[in-house]
Each structure stands twice: as structure tokens, then as C-alpha cells.
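First the structure, in the form of C-alpha cells, and then the observations on it.
The values are calculated or read from the model by the stated rules, or taken from the named source; none is laboratory data. These numbers come from a predicted model, not from an experiment. Counting neighbours? That spans all protein chains shown, and the Cβs are built from the backbone with ideal geometry, glycine included. Just the protein is used for accessible areas: all its heavy atoms, side chains included, with ligands, DNA and RNA removed. Shrake-Rupley method; radii C 1.70, N 1.55, O 1.52, S 1.80 Å.
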There are 2 protein chains.
Amino acid sequence: MYKLYDYLPSGNGYKVRLLLTQLGIPFEWVGLDIVKGETRTPEFLQKNPDGRIPVLEVEPGMFLAQSNAILIYLSQDTPFLPSDRWLQAQVMEWLFFEQYSHEPNIATSRFWIHTLNLAAERRDQLAQKHQAGIAALQVMEQRLARQPFLVGETYTIADIALFAYTHVAAEGHFDLSPFVAIQAWMQRVQSQPQHIPITQTQFSGVSV
Amino acid sequence: MYKLYDYLPSGNGYKVRLLLTQLGIPFEWVGLDIVKGETRTPEFLQKNPDGRIPVLEVEPGMFLAQSNAILIYLSQDTPFLPSDRWLQAQVMEWLFFEQYSHEPNIATSRFWIHTLNLAAERRDQLAQKHQAGIAALQVMEQRLARQPFLVGETYTIADIALFAYTHVAAEGHFDLSPFVAIQAWMQRVQSQPQHIPITQTQFSGVSV
């Protein structure tokens, strides 16, 4: 059985929990507190030298890090990753966009403000991240004003990856009210079969 | 014929130039100066709303952004992307690592110091990026001390992606001399057939 090393408030971890649940794949969930340094212990660095969650233990001793790499791995040959070459290329484009232009601004703002309580102390850096995060949301808005999901006509791992931190962007003091296409898309994502919230602590019938 | 929108000093653009050359695929090269804002014009934003190079025009009007998404797209069914599922997952892991933990520190330091000449003005931010960049290099060093290439036994797009900014890290004031495994790996990468330097301005026999 897959084992997922994770931190409950993490949107990156949530992506993997959500996809595993929607694929109906049971998994063992292992919580680590990143604020307490539990992903920087010698033991965890053996699993992921980069010291970050999520990490999926695919088989005993076989570890895969990077949330979006895990999404690609799990979604191969499922409806969550289109088989068409051009559609698949666009999924990849959104996944890298998420990790480069979206997560470092929107997720990091949320982490500093909501988790670490550093809104005042990091005001200048947050202003920069806010501006770059808004730009990323505008790129999404533009796409979602034209089509129901980020790639093609169906829900894919691109939507899972971008939904993870967009839907909690308010916790990083982003105001989503001007982004009407994003709001409608978030409702479509939330109405997908087997959707779970980021706060859910019960997976495959097992409470954690 | 593919058309590549690019900026010559860009490591992200270089990844694509290098792979296309090693695949023997001719392409048209279109230079844009990011410092002069040429990727933020209304015309270019039609091609990539995120306003960044490289962008590959696959067919007229079909644009793919994100250097690593382009690498994946071009390397499908070639020796540059392993077909084995677990090896491929590890390639993806390195590609996301590169865009999250490596490029924003090592490439951005180089851009600020070498291109924009802001070493003094951004000293504090550079100190942070330097620390995070060293950590990324240590993750690479650890892997490359054990094996000749980042994934499996052969040269893949993971090596291309990580080589692009690692080999010019000195331009961002990173000292690679302690990283002996990285140095040996860079030599292996540079000795691959059809290797071109980042400064090369002649592709497929056409000067640009």
C-alpha cells in the first residue's frame, strides 16, 4: 500500500490526497510537522534529501517527492491525465506554471501569514508576493473565462494542482472576488466525484 | 518547422535549444530581449499570457510555454526520456525540483548579478538565494556522487534541465569547486554528442 508523508495544511500534500481519493486508491497517511522541523531530520532526509513533503513511498524504500511529479505518476493511464500528446503537454505547462509562478507567491503568502503569523514582519516581501500572485491568478482567470477546466474539456491533474492553493488563497490575504471565472471553476472542481476538502483527516475509511 | 521564442542568455531557453539540437530537429529561433520588456508586449502575451520565454510554437498558433514542459513534449519516445515508469517519475521529480528549488535561486542570482548588475542593491535577498541555491546543489551532489547521471544510467532531460543553470552558476557568484561530483557530471554532459554551449548562436546551420 502507498504511504504518503504529508503535513495536513499543505496544499501540495492535499493535491496527492485528493487524487488518491478520487482514484479510489487506499493509502497510509503519515503526518509530519514542517514547522517543528520534522522534514529536516536525518531520518526523513534519507527519504527526500530536499527535506520537503509530500513524499510518496511507492514501495518500501522507493520514494517519490515533488507533488506534481507524484500527480503525473499516479494519473498515468487514467482520465486525470489526457493521453493526447498536445493536451498532455498543456497539463505539464500548467503544472510547471503552478510551481514557478503560483505556489511560491500564493502558498508562501498563506504560510507566512496563516501558519507562521509573520504578516507584519514580512510586509515588504509579502507585497511583492501579492503582486506576483495576482498576476498568476490573472493568467488562470483568462484561461478559465474561455473554458470550464484548465486543459481541454475535462477535469485533470492540472485542475487539482492549481486548485490546491487557489481555494485557500484568502488565507494568504488574496481577494478572489474579482476572479469570477476562477470562482465558477472552483465550484466545478469541488463538485467532482469523491472530492475531499483540504481539512479532511479520514482517508480510505481510516482516520488519522 | 518549430519556432522557438527565446532570449540567448536564458538557461531555460538553452535547455530547449540544446535538446532540439541533440534530437537533430531544425527550428527557427526568434530572439526577444526580456530586459527591454519584449516578452510583456500585447503581441507576445497572446502567445504566452505568463509573459515568459521560452515558448515553442509547435504549429502556427499552437504555443507551449514552460521550458521543462517543452523538454517533456519533445523528448517523448526518445532516449532522452526513459519509458520505464519509475525512471520517468524520477525525471519529473528532478524537473520540478529544478523549477522550485534550483532555478529561483541559482538562475535568479545570476540574472540579478550578471544581467541587471544589482549585486550591491539586492545583497540581502541574494544572501538568502545563495543559501537556498547551495542547498539545491548539495541535493544534486549527493545524487551525482552515487551515479553518473541524475536518473538511471543515461543522459536524460533531467540532466539537460539541471545543467542549464548549474554550469553558469559562477555568474551568480556560486563557487562550484566543493562540488566535485557535479563538476565531473558537467563534463559528462558536455561530452554528449551534439552538445552546444549556451552562447551558441548557430542552430541547424542557420546563424541568428
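Overview of results
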| item | result |
| --- | --- |
| Any hit, segment A:62-77, residues being open to solvent by 10 Å² or more (accessible area, probe 1.4 Å) and among the hydroxyl-bearing types (Ser, Thr, Tyr) | yes |
| Filter pass, B:Val168 being under 18 Å from the mean Cα position of the chain (by Cα), open to solvent by less than 10 Å² (accessible area, probe 1.4 Å) and modelled with pLDDT of 95 or more | no |
| Criterion violated by A:Pro49 - all others in (1) under 17 Å from the mean Cα position of the chain (by Cα); (2) of a type outside the set (Phe, Trp, Tyr); (3) open to solvent by 50 Å² or more (accessible area, probe 1.4 Å); (4) under 25 Å from B:Thr108 (Cα atoms) satisfied | (1) |
| Among residues of segment A:45-57, those that are at the interface with chain B (Cβ under 10 Å from one of its Cβ atoms) and among the charged types (D, E, K, R), counted | 2 |
| Selection from segment A:174-189 of residues that are under 18 Å from the mean Cα position of the chain (by Cα) and in contact (Cβ under 8 Å) with a residue 24 or more places away in the chain | A:Phe174, A:Leu176, A:Ile182, A:Trp185, A:Arg188, A:Val189 |
| Subset tally (residues that are farther than 30 Å from B:Val35 by Cα and either open to solvent by 30 Å² or more (accessible area, probe 1.4 Å) or not assigned by TED's automatic domain parsing to the domain that holds B:Thr166 (or both)) for segment B:116-139 | 1 |
| Residue in segment A:90-98 that is touching a residue at least 40 places away in the same chain (Cβ under 8 Å), more than 10 Å from every other protein chain (Cβ to nearest Cβ) and either more than 20 Å from B:Glu103 (Cα to Cα) or outside any helix (DSSP H, G or I) (or both) present | no |
| Identity of the residue in segment B:112-164, among the hydrophobic types (A, V, I, L, M, F, W, C) and free of Cβ contacts under 8 Å to residues at least 12 places away in the same chain, that ends up nearest to B:Leu8 (Cα to Cα) | B:Leu118 |
| Flag for A:Gln142 being open to solvent by 30 Å² or more (accessible area, probe 1.4 Å), part of a helix (DSSP H, G or I) and of a type in the set (S, T, N, Q) | yes |
| Pick from segment A:58-81, criterion part of a loop (DSSP other than H, G, I, E, B) and closer than 19 Å to A:Trp29 by Cα, ranking: farthest from the other protein chains (Cβ to nearest Cβ) | A:Pro60 |
| Residue within segment A:150-169 that is in contact with a Gly (Cβ under 7 Å, 6 or more places away or on another chain) and within 17 Å of A:Leu95 (Cβ to Cβ) present | yes |
